[in-house]
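In what follows, a structure is listed as structure tokens, so that the remarks can point back to it.
Bear in mind that the values in this text are calculations on the coordinates, not laboratory data. Just so it is clear, the model here is predicted, and its values are computed rather than measured. Glycine gets a Cβ as well: all are built from the backbone with ideal geometry, and neighbour counts include every protein chain shown.
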Amino acid sequence: MKNLRCTVPYVAGMLLLGVGYFWGQSDTDLLRAQPGTVTPASAEKVVADDRVVAYLYGDKPLSRQEFGEYLIARYGKERIRPFVNMKVIDGIAKKHNIVVTEAEIEADIEQTCSKIGVPKKDFVEKVLKDRYGKSIDEWRYDVVKPRLILTHLCREELKLDDEELKKIYENFYGERIQCQVIMFTKEQRQYVTRIYDELRKNPVKFDEEARGQFNSQLAATKGIVDPIGRNSGPATAKIEEIAFSLKEGEISEIIEIPTALMIIKNVKHHKPNGQVTFEQAKPHLAREATERQLEQLIPKKFAEISQEAHPLFVFSPPDITRAEMEDQTKRLLKTEQK
């Protein structure tokens with residue numbers, strides 16, 4: 001069941017961007033001449049670390065090292081952090097004898113397509129390529145594979161007892177609030193402050209703003225989202241608390257979230273659904289609990305193993321923080337002094 005946690009921007013992107021630190025090159029296969037091709041005699045002079053990627057004028061070799069320098073000069077800064085992160089995850093997988101199969105990767109992709117309601121072809125062309133500029137192979141090996149590795153590492157930390165499952169049961173089948181949501185950019189702060197009283201008093205104005213808001217997904221439904229239940233998770237705990245505090249027809253104060261401003265309106269209060277028992281729902285609840293907990297555990301686990309690896313970037317990524325830069329400078333100086 002969908003709810004507001006799939007609508008709020010900083011949560012909506014979690015499906016694709018909550019694993020953003022995985023983007024990087026994981027394919028470490030070496031470039032080699034294709035079998036069966038004829039290579040000039042001079043190719044024998046090319047040393048092992050200077051493998052040929054092409055020839056000019058029949059026998060002038062272009063080396064793997066030259067090609068690497070070309071790629072580094074153009075794409076190195078934006079790819080260095082994902083590359084290092086990928087090597088950290090690969091290393092931890094070898095340490096724990098974790099192997100992710102192609103079948104697991106494909107099953108995960110199919111599950112993602114099913115979850116967001118699009119066929120695989122549209123997922124590849126419209127979601128990955130058009131929206132994020134990524135290929136399906138980048139998704140397979142730079143996102144899905146490392147996430148599955150970290151999932152294996154987090155399995156022992158999952159909590160799937162009845163107490164935890166009953167919280168999710170209440171979220172799905174307990175009382176819920178149908179809400180109408182309007183999102184505003186941070187730059188619209190003065191505007192929303194100015195029109196707030198009118199929004200509160202005039203339902204027509206509220207509907208008008210809901211239809212014209214910058215979030216296209218919300219605008220398409222006039223801001224109506226799936227009903228919010230209790231125990232939706234940490235990401236939307238604040239929104240949930242506010243929604244349940246409102247009377248039908250009442251709107252909230254201006255709510256600030258990390259990426260935007262929002263106002264929510266309690267449209268209708270839904271009573272608990274008693275048609276599905278806890279025991280009947282238990283298999284589904286376990287899957288949902290696993291998914292929700294992994295959302296929280298995977299970033300923490302990655303931060304833990306990354307801290308243990310403690311990368312020292314000699315070639316600095318463009319998003320390096322001030323703290324990282326200071327730490328990097330100190331460590332490089334110590335290295336040079338040895």
Practice problem: Rounded to the nearest 0.05, what FRET efficiency do E253 and A309 give with R0 = 41 Å and r taken as the Cβ-Cβ distance? Could you check? | Solution: 0.40
Practice problem: Round to the nearest 0.05 the FRET efficiency obtained for D122 and E175 when R0 = 30 Å and r is the Cβ-Cβ distance. | Solution: 0.25
Quiz item: Hey, with R₀ at 41 Å, roughly what FRET efficiency would K87 and R211 work out to, going by the Cβ-Cβ distance, to 0.05?
Solution: 0.30
Exercise. May I ask you to list the lysines whose Cα is less than 18 Å away from that of K129, ignoring any residue fewer than eight positions away on the same chain?
Key: K120, K121
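How many times 2.2 N^0.38 Å is the alpha carbon radius of gyration of the stretch 181-244? Before the final figure, lay out each step's value.
On the way: Rg = 12.8 Å, N = 64, 2.2 N^0.38 = 10.7 Å.
The value comes to 1.20.
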Practice problem: Please tell me which of these pairs span more than 30 angstrom C-alpha to C-alpha: K201/K271; K87/K238; K222/K247; K238/K301; K87/K186? | Solution: K87/K238; K87/K186
Practice problem: Post the alpha-carbon centroid distance, the stretch 55-92 to the stretch 190-216, in whole angstrom. | Solution: 51
Exercise. May I ask for the equivalent-ellipsoid semi-axes of the stretch 192-298, computed as the square root of five times each C-alpha gyration tensor eigenvalue and listed largest first in whole Å?
Key: 30, 17, 13
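Could you give the alpha-carbon Rg of the stretch 62-168 over 2.2 N^0.38 Å, rounded to two decimals? Kindly include the intermediate steps, with their values, before the conclusion.
On the way: Rg = 17.8 Å, N = 107, 2.2 N^0.38 = 13.0 Å.
Computed over Cα atoms of the stretch 62-168, the ratio equals 1.37.
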Quiz item: Can you give me the Cα centroid spacing of the stretch 249-317 and the stretch 106-158 in angstrom?
Solution: 18
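By how many nm would the segment from R74 to K159 grow when fully extended, if each residue of separation counts as 0.36 nm and the alpha-carbon distance is taken off?
Working: separation 85, 0.36 × 85 = 30.60 nm, distance 4.51 nm.
Contour length minus the Cα-Cα distance gives 26.1 nm.
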